[in-house]
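Enquirer: I have a structure here, written as structure tokens, and I will follow up with some questions on it.
The values are calculated or read from the model by the stated rules, or taken from the named source; none is laboratory data. Here the structure is a predicted model, which is why all the values come from computation and not from measurement. Ideal geometry is used to build each Cβ from the backbone, glycine not excepted, and the neighbour counts take in all protein chains shown.
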């Protein structure tokens, strides 16, 4: 990436249009704006950051479509990366991919007849090529390095990134032209003043994102603390949430409804935090009829806890009914068919997929082929037949298989180590999870 950036910069310096004095001044202005934008970047995941550094970079490209813009990108990215004390290898990569992406986008802009906005307004086609090529290459570069470090698939990560930021990127397009034309018509002073509200909105968005991230992490912490009681369901709720997202999309949900189904799946077992479930959850073997009756109360208890959070009020029906069956044989309400909330039908499938693929002391986990056959067999009995039909289609099932593989990496099943304990003086030994000795 670094070699490519250097080659692109050298090519523009040697062969590209010669920047005018005004274009150099514009580049210097946007370089300062770019440093500030880099300093305001925030972490969106363990591997990526959110930044508006592209705004001054592409605005500079419209004002100075030549080496001046590339030097702007180089300086602002480098200073911004160093200012926030990133690792040297990340400084080199982030700066290089930014320079290379802008170089490619300026090249396309010039080839399609684009001119500096100091002399004329940008054409629609050249501008469209500028932004599309930049965002495509930028996200592809980041997806490639994330895939290399995480073991994921570059196309999957890239497409997810493109979909996730498509609306945000589209809304940013007019701002790129706005700041370039504002500089050309009003000069740097007014352009800087006009940038202040945008930076304020950016900081507000950053704060909102941070709060959402904290809420998500608190949910994960709560779920993990509950599952710590059960050595045989390590990571269960997180895996069910991953499967629920796939099943929800297969069922035709998208956007917010799919996200809510995923959140409901993450919370579906929170009722197990009640003390009456503690001893049962530590039991390594099959449950007695009496113990199973106690366990059947957990959907209602989970719903009661979820209902205490007003933001989750819409999730209560899905959590409460996730053990209902399509034929009415489930619990606790004996709902049947479409009486079962759609979210609950999705969680029921996701919950069963994880239960069947996870090993227990008394049985080995099933293969995905066996799970597929079991879902087909229970379609119309335990599960919604329409959702089953959509999930078992080749494309949807392939997505579930990928989610299963990723779930084993992100949330692997790690049972507690078993030890042998003598029961009284009978000479009989039983295997129980270490640290959880129980009378038998």
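Enquirer: Restricting attention to segment 149-165, and to residues there that are farther than 19 Å from residue 93 by Cβ and at pLDDT 75 or above, which single residue is nearest to the chain's Cα centre (by Cα)?
Expert: 160
Enquirer: If a residue must be over 26 Å from the mean Cα position of the chain (by Cα) and in contact (Cβ under 8 Å) with a residue 60 or more places away in the chain, how many such residues does segment 63-98 contain?
Expert: So the answer is 4.
Enquirer: Which residue is farthest from residue 64 (Cα to Cα), if the candidates are limited to segment 117-133 and must be in contact (Cβ under 8 Å) with a residue 40 or more places away in the chain and touching a helix residue (DSSP H, G or I) at 6+ places or on another chain (Cβ under 6 Å)?
Expert: 131
Enquirer: Hey, another quick one. What is the number of the single condition among (1) part of a loop (DSSP other than H, G, I, E, B); (2) modelled with pLDDT of 90 or more; (3) surrounded by 14 or more Cβ atoms within 10 Å (Cβ to Cβ) that residue 397 does not meet?
Expert: With (1) part of a loop (DSSP other than H, G, I, E, B); (2) modelled with pLDDT of 90 or more; (3) surrounded by 14 or more Cβ atoms within 10 Å (Cβ to Cβ) applied to residue 397, the lone miss is (1).
Enquirer: Here are some conditions: (1) modelled with pLDDT under 90; (2) assigned to a helix (DSSP H, G or I). Residue 351 meets all but one. Which one does it not meet?
Expert: (1)
Enquirer: Same structure again: Can you go through 108, 104 and tell me which one is in contact (Cβ under 8 Å) with a residue 60 or more places away in the chain, in a helix (DSSP H, G or I) and surrounded by fewer than 23 Cβ atoms within 10 Å (Cβ to Cβ)? Give the steps one after another, and end with the answer.
Expert: Working: 108 fails: in contact (Cβ under 8 Å) with a residue 60 or more places away in the chain.
None of the others qualify; the one that does is 104.
Enquirer: Another one. Return the pair list, or none, for Cβ contacts closer than 6 Å from residues in segment 254-268 that are at pLDDT below 90 to residues that are outside any helix (DSSP H, G or I), at least 6 apart or on different chains.
Expert: Nothing qualifies.
Enquirer: Right, another one. Among helices (runs of 4 or more DSSP H) lying entirely in segment 2-67, which contain 1 or more residues that are at pLDDT 90 or above and in contact with a strand residue (DSSP E or B) (Cβ under 7 Å, 6 or more places away or on another chain)?
Expert: Qualifying helices (runs of 4 or more DSSP H): none found.
Enquirer: Yes or no: residue 135 within 21 Å of the chain's Cα centre (by Cα), under 16 Å from residue 61 (Cα atoms) and in the same structural domain as residue 69 (by TED's automatic domain parsing)?
Expert: Here the answer is yes, as residue 135 does meet what is asked.
Enquirer: Moving on. What are the residues in segment 355-391 that are under 21 Å from residue 338 (Cα atoms) and part of a helix (DSSP H, G or I), if any?
Expert: Result: 375, 376, 377, 378, 385, 386, 387, 388, 389, 390, 391.
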